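Heads up: the structure comes next, in structure tokens.
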Amino acid sequence: MRERSKDLRVRRTLTAVRKAFNDLVLVRNYNEISITDLTEKAGINRKTFYLHYASLEDLVKEIEEEMAADILQNIGVYAKNLDLSGCIRCFYKYLESCSKVQKKLMCDPHYEFFYNDVTSLVLDSDVFSQFFSKTPYPDIVRSYTKAITAIYKDWLNEGKKTDFEVLNETAGELIENGYNSIRK
């Protein structure tokens, strides 16, 4: 993550840019957001934006890195303890506690790239690399982990038809004991 200035004007500008981006995410798909829209909403000019970011993608990368760091802070202890079920349960709880903007970035099909990037940052981290390396087929376990994280996205996008606690318990049960453990 980048080191940001302590200058109050810079912090205000970066806050305005982030707020403008968040506001636009809630009403538009990523491909509909332009630097012009962002700078107008933030009340800054394009030159000011480019003093801080090389592109809109640069801003998004910064947000992805922050979110991945936050996720790792929340679930890293489970990965260190080789507890995949704990990782997923904590990940679901983390996502459920996210703001509307964060949920849209992580779960909306128009922002699929964001979910993929954040998930890759988390799963490529040292703690998860060690977690996966304890298995004979780390690439398969990594894919399995990513697939399990997608259950939350589907649940959210399908309108939360199942109670969150049931979702969390069932996903954990599936991970720990497989399909036969939840079959009627």
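The values are calculated or read from the model by the stated rules, or taken from the named source; none is laboratory data. None of these values were measured; they are calculated from a predicted model. Don't worry about glycine lacking a Cβ; one is built from the backbone with ideal geometry, like all the others, and counts go over all protein chains shown.
Here are some notes:
- Qualifying residue in region 66-78 (condition: touching a Gly at 6+ places or on another chain (Cβ under 9 Å) and not hydroxyl-bearing (Ser, Thr, Tyr)): yes
- Matching residues, region 10-37, being in contact (Cβ under 8 Å) with a residue 60 or more places away in the chain, of a type in the set (S, T, N, Q) and closer than 17 Å to GLU62 by Cα: ASN22
- Listed by first and then second residue, the pairs linking a residue in region 66-79 that is under 20 Å from GLU176 (Cα atoms) to a residue that is among the small types (Gly, Ala, Ser) and in a helix (DSSP H, G or I), with Cβ atoms under 7 Å apart and 6 or more places separating them unless they lie on different chains, are TYR78/GLY86.
- Cβ separations smaller than 6 Å between residues 6+ apart or across chains give the following pairs from region 131-149 residues that are in contact (Cβ under 8 Å) with a residue 12 or more places away in the chain to residues that are among the small types (Gly, Ala, Ser): PHE131/ALA79.
- Evaluation of ALA54 against (1) without any contact (Cβ under 8 Å) to a residue 60 or more places away in the chain; (2) more than 18 Å from the chain's Cα centre (by Cα); (3) in a helix (DSSP H, G or I) (one fails), failing number: (3)
- Selected residue [exposed (fewer than 12 other Cβ atoms within 10 Å of the Cβ) and in contact with a helix residue (DSSP H, G or I) (Cβ under 9 Å, 6 or more places away or on another chain)] from LYS160, LYS153: LYS160
- Selection status of GLU64, in the same structural domain as PRO109 (by TED's automatic domain parsing), in a helix (DSSP H, G or I) and surrounded by 13 or more Cβ atoms within 10 Å (Cβ to Cβ): yes
- Of everything listed in (1) farther than 30 Å from ILE175 by Cβ; (2) in contact with a Leu (Cβ under 8 Å, 6 or more places away or on another chain), the single unmet condition for ALA42 is (2).
- Selection count, region 159-173, where residues are more than 15 Å from CYS90 (Cα to Cα) and part of a helix (DSSP H, G or I): 0
- Residue ranges of helices (runs of 4 or more DSSP H) in region 83-127 with at least 3 members farther than 19 Å from ILE33 by Cα and either out of contact with any Phe, Trp or Tyr (no Cβ under 6 Å at 6 or more places or on another chain) or free of Cβ contacts under 8 Å to residues at least 40 places away in the same chain (or both): 84-97, 112-123
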